[in-house]
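The values are calculated or read from the model by the stated rules, or taken from the named source; none is laboratory data. Predicted model only: the values in this text are computed from it and were never measured. In this analysis, Cβ positions are derived from the backbone assuming ideal geometry, glycine residues included, and neighbour counts consider all displayed protein chains.
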Amino acid sequence: MSPSPFAALQSVENHLVPAAFDGLKPEWLLEIAPATSPSPSLALDRCRILFNEAGCCWPFQSRLDELPLDSESVPAVLLRHLWQPGLAGDPMPEVLRVLKPGGLMVSVSANPWHAGAWRELGRSALWLPSWPHFQLLHARLRLELSMPPRAHWRGLVPGLNAVLVLVARKPARPAQVRPIRFRRPAIAPPSGAVSQCRAA
């Protein structure tokens with residue numbers, strides 16, 4: 001990995017990432033990002049996990065597909081450049097495991113069809129996901145994709161956007177409905193003496 005991959009795309013990312021969270025206010029955010037890439041400015045409480053070629057390198061060391069986090073404990077995740085060439089394993093199922101039901105996922109990747117990615121990575125840019133492949137990586141996990149139509153169509157035009165940003169949600173857990181069980185009505189025994197009155 002070069003000392004500062006994707007540095008030329010940082011200004012584009014600084015504009016697009018906050019827009020992806022526009023109107024969405026998670027309690028806090030887990031950012032998973034390359035150790036060499038500065039974070040975009042966000043008005044959200046945030047914890048960061050940084051990675052390099054070997055996997056997570058700060059604040060702990062682990063594989064990207066073996067995060068030492070509790071299941072369904074994170075309300076929102078920002079994945080930045082997780083699809084770099086040379087990274088082993090598929091971290092997406094693991095990220096989905098730690099995300100709460102209904103939780104938000106914002107994913108960022110350089111566009112392999114954009115000249116900026118080629119300047120940064122050269123031929124390695126061929127290994128980055130294109131816009132249709134980027135969506136498929138999320139849809140295969142049954143995430144609910146939610147992006148403005150304009151962002152979707154702009155992504156389809158090769159080389160138009162330097163950075164691909166996708167917003168997805170983990171499906172909420174369906175409410176558990178318990179069937180109501182009715183008991184047979186019990187006839188109570190008579191409480192008083194039966195009247196022997198006769199009409200006159």
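Remarks
- Residues that are surrounded by fewer than 22 Cβ atoms within 10 Å (Cβ to Cβ) and assigned to a loop (DSSP other than H, G, I, E, B), drawn from the stretch 94-116: Trp113, His114
- Leu24 vs. criteria assigned to a loop (DSSP other than H, G, I, E, B) and under 15 Å from Leu166 (Cβ atoms): yes
- Residues located in the stretch 79-93, provided they are in a loop (DSSP other than H, G, I, E, B), out of contact with any Ser or Thr (no Cβ under 8 Å at 6 or more places or on another chain), among the aliphatic types (A, V, I, L, M) and surrounded by 12 or more Cβ atoms within 10 Å (Cβ to Cβ): Leu87
- Considering the stretch 22-38, the residues that are surrounded by 15 or more Cβ atoms within 10 Å (Cβ to Cβ) and modelled with pLDDT of 90 or more include one that is nearest to Gly86 (Cα to Cα), namely Pro34.
- Of the residues in the stretch 77-93, none is under 18 Å from the mean Cα position of the chain (by Cα) and over 21 Å from Leu137 (Cβ atoms).
- Only one of the numbered conditions (1) modelled with pLDDT under 90; (2) of a type outside the set (Lys, Arg); (3) within 25 Å of Leu160 (Cα to Cα) is not met by Pro18, and that is (1).
- Taking the criterion of being exposed (fewer than 15 other Cβ atoms within 10 Å of the Cβ), more than 25 Å from Phe21 (Cα to Cα) and of a type in the set (A, V, I, L, M, F, W, C), the residues of the stretch 45-78 that qualify are Ala54, Phe60.
- The single condition among (1) more than 13 Å from the chain's Cα centre (by Cα); (2) of a type outside the set (Lys, Arg); (3) modelled with pLDDT of 70 or more; (4) surrounded by 12 or more Cβ atoms within 10 Å (Cβ to Cβ) that Gln135 does not satisfy is (1).
- Meets criteria (touching a helix residue (DSSP H, G or I) at 6+ places or on another chain (Cβ under 9 Å), part of a helix (DSSP H, G or I), farther than 27 Å from Asp22 by Cβ and of a type in the set (Lys, Arg)) for Arg119: yes
- Residues of the stretch 46-59 classified as at pLDDT below 95 and in a loop (DSSP other than H, G, I, E, B), total: 2
- In this entry, Arg97 is excluded by the filter for residues that are in contact with a strand residue (DSSP E or B) (Cβ under 6 Å, 6 or more places away or on another chain) and more than 22 Å from Leu42 (Cβ to Cβ).
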